[in-house]
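Read the structure below first, then the notes.
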Amino acid sequence: MKDDSASYYDSQEFTELLEMYENMLSEGGSVYFDSMDIANIAEFYSINGELDKSDGAIEYGLSLHPSDADILISKANNLLRRGMKDEARVLTESISDPDNQELLYLKGEIELAFDRPQDADACFTQAVELSDNDSGMLNDIIVKYMDNRNYDLCQKWLDMALVLSPDSRNFIELQADLYFDTGQTDTAIECYNHLLDDFAYDTYYWDQLGRIYYEKSDFPKARECYEFIEAIDPDDRSARMMKASCIFNMDDWKEAYGIYSSLLDEDPSSYTLLYYCGRCLYALERYEDAYDRFTDTLSMLMLDNEVPDEMYVEIYFYIADTAYRTGRKAQAESYLHDGLALDPDDEELQELARKILPEEEAGPFNHGAR
């Protein structure tokens, strides 16, 4: 999901406002700001992940406008963003402004945080009614439900939004994303293609289509999507990586290797790219080169504490196999034992054990031999 909506925070008006506020901080003076201006400054910092700066703006705003609803709403928003939902609820309940649509929307967010989607829906409904069906608020509610996987409520609000704005690119895109998220891939394909009829250079839609075709294992069509992205944005590394993956899955090892190698030249610290270079070389029966790639991959993996055992099992198999194929029998046996120590039931390792281990060591695995 992406957001193409124009933002007040990109406007010249807000840029000058923020500059005035930050100049005040750097010069150590005191300048009067309207309460809504302070609330907007606080929200800008918050959505950019600078919660401490946002808190500072809120406290300054409250020194100018004690108990102002908009500034207190910003404070409650920050509490919720920090996961302090109980504190956020207490603060919102203390704000006496029953017709404030932003307050009602925030109360809806808090109800969602407590996993009470129906209560959230009641708050959102009141907020939208007060906003006169504001499209921006409708968008926020739909996205919030989608993020929380409340797909039925998400569809309910999308139906409403599309009745109000049937030609809205944003709402059509959100509908396509909802189809995608709920596994209605054929309908999602229709939606994204409809959007591409009018916005052929939007790489997001091509990427979504590519993901769908990839998950369907329709690698030729997925490849076409990523090639369109490359044509639009030649610097899109993700598209090149996915194109390589499509080609890899189409068993065109030579072309896939060329792309992986090129990406590896740009990012030599990527053990994922190194590993797939090894896989391509292995499939091309260039076992000596593959052995070097796999051992280098293992060295990199050991620098990352988050690598799962499954990845080690896989790399131990390929190192052991290529070591065996290149006459490194001792290394092959050593890496094979390392892999079996992690997963003694792995079928590929067991098959390799029957092939290369002495009979007395391979004995436990011979029951699977044909």
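Taking the listed residues GLU87, GLU59, the one that is at pLDDT 95 or above, open to solvent by 60 Å² or more (accessible area, probe 1.4 Å) and more than 29 Å from the chain's Cα centre (by Cα) is GLU59, with no other qualifying. Among all residues of the stretch 34-50, there is at least one that is closer than 30 Å to TYR205 by Cβ, open to solvent by 40 Å² or more (accessible area, probe 1.4 Å), assigned to a loop (DSSP other than H, G, I, E, B) and not aliphatic (A, V, I, L, M). Within the stretch 218-270, being part of a loop (DSSP other than H, G, I, E, B), more than 23 Å from the chain's Cα centre (by Cα) and more than 20 Å from THR297 (Cβ to Cβ) holds for MET250, ASP251, ASP252.
Helices (runs of 4 or more DSSP H) fully within the stretch 98-175 that include at least 3 residues being closer than 26 Å to ASP70 by Cβ: 101-113, 117-130, 135-147. The set of residues in the stretch 196-213 that are under 16 Å from the mean Cα position of the chain (by Cα), of a type in the set (Phe, Trp, Tyr) and surrounded by fewer than 20 Cβ atoms within 10 Å (Cβ to Cβ) contains only TYR204. A single entry from LEU284, LEU274, LEU263 fulfils the requirement of being modelled with pLDDT of 95 or more, touching a Lys or Arg at 6+ places or on another chain (Cβ under 8 Å) and surrounded by fewer than 16 Cβ atoms within 10 Å (Cβ to Cβ): LEU284.
Taking the criterion of being closer than 28 Å to LEU72 by Cβ and either open to solvent by 50 Å² or more (accessible area, probe 1.4 Å) or free of Cβ contacts under 8 Å to residues at least 12 places away in the same chain (or both), would at least one residue in the stretch 146-161 satisfy it? There is at least one residue in the stretch 146-161 that is closer than 28 Å to LEU72 by Cβ and either open to solvent by 50 Å² or more (accessible area, probe 1.4 Å) or free of Cβ contacts under 8 Å to residues at least 12 places away in the same chain (or both). Tell me, please, whether a residue that is out of contact with any strand residue (DSSP E or B) (no Cβ under 7 Å at 6 or more places or on another chain), part of a loop (DSSP other than H, G, I, E, B) and on the phi > 0 side of the Ramachandran plot can be found in the stretch 191-205. Scanning the stretch 191-205 turns up no residue that is out of contact with any strand residue (DSSP E or B) (no Cβ under 7 Å at 6 or more places or on another chain), part of a loop (DSSP other than H, G, I, E, B) and on the phi > 0 side of the Ramachandran plot. For LEU303, indicate whether it is at pLDDT below 95 and either open to solvent by 10 Å² or more (accessible area, probe 1.4 Å) or within 30 Å of ASP235 (Cβ to Cβ) (or both). Considered against the rule, which asks whether it is at pLDDT below 95 and either open to solvent by 10 Å² or more (accessible area, probe 1.4 Å) or within 30 Å of ASP235 (Cβ to Cβ) (or both), LEU303 comes out as yes.
You will find that of ALA88, ALA127, ALA122, the residue that is more than 22 Å from ASP159 (Cα to Cα) and small (Gly, Ala, Ser) is ALA88 and no other.
The values are calculated or read from the model by the stated rules, or taken from the named source; none is laboratory data. Nothing here was measured: the structure is a model prediction, and the numbers come from that model. Please note: Cβ atoms are built from the backbone with ideal geometry, for glycine as well, and neighbour counts cover all protein chains shown. When the accessible area is computed, the model is the full protein with side chains, heavy atoms only, and any ligands, DNA or RNA have been set aside. Shrake-Rupley method; radii C 1.70, N 1.55, O 1.52, S 1.80 Å.
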